[in-house]
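Report on the structure given below.
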Amino acid sequence: MLKKLCLIVPLIISPTVFAGNAYSGKDYCQIKKEKILQQMEYAKQYNNMNRLAGLERALSNVEAHCTNGNYRANAEQKVADKERKVAKRQAELEKARVSGKAEKIAKKERKLREAEIELDEALGRL
């Protein structure tokens, strides 16, 4: 189980690390526009007109409504949510430890590690 987790965690974390490096120095709205434009090129390349129409609407929404301040506020809210989840998982783990059931303790430890990974990812988006 631990070996599987050691293999899975880098796969989960590495795309976010590499994505952050590719767009360093750019603002959130510009990054979002670039990603949509890239997807639009793929849709054109494969003649996917339905996808292209959806992406055009998405681009229009980004241009009309996207602000970096909104992104920051949303990211901070997600971090706060993940911090609460970690605290909850820690409390559940302590309760499981009191019970003394090894299987229950292992399950709660796994859930705590998952919550900590989610928190780290949310912090990376700030």
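Residues of the stretch 80-126 being without any contact (Cβ under 8 Å) to a residue 60 or more places away in the chain, loosely packed, with under 15 Cβ neighbours inside 10 Å and under 19 Å from D27 (Cα atoms), which ones? L123, L126 - these are the residues of the stretch 80-126 that are without any contact (Cβ under 8 Å) to a residue 60 or more places away in the chain, loosely packed, with under 15 Cβ neighbours inside 10 Å and under 19 Å from D27 (Cα atoms). If you check K104 against the conditions, is it at pLDDT 95 or above and not assigned by TED's automatic domain parsing to the domain that holds L126? In short, no. Only one of the listed residues (V79, V62, V86, V98) is part of a helix (DSSP H, G or I) and in the same structural domain as K44 (by TED's automatic domain parsing). That residue is V62.
The values are calculated or read from the model by the stated rules, or taken from the named source; none is laboratory data. These numbers come from a predicted model, not from an experiment. Counting neighbours? That spans all protein chains shown, and the Cβs are built from the backbone with ideal geometry, glycine included.
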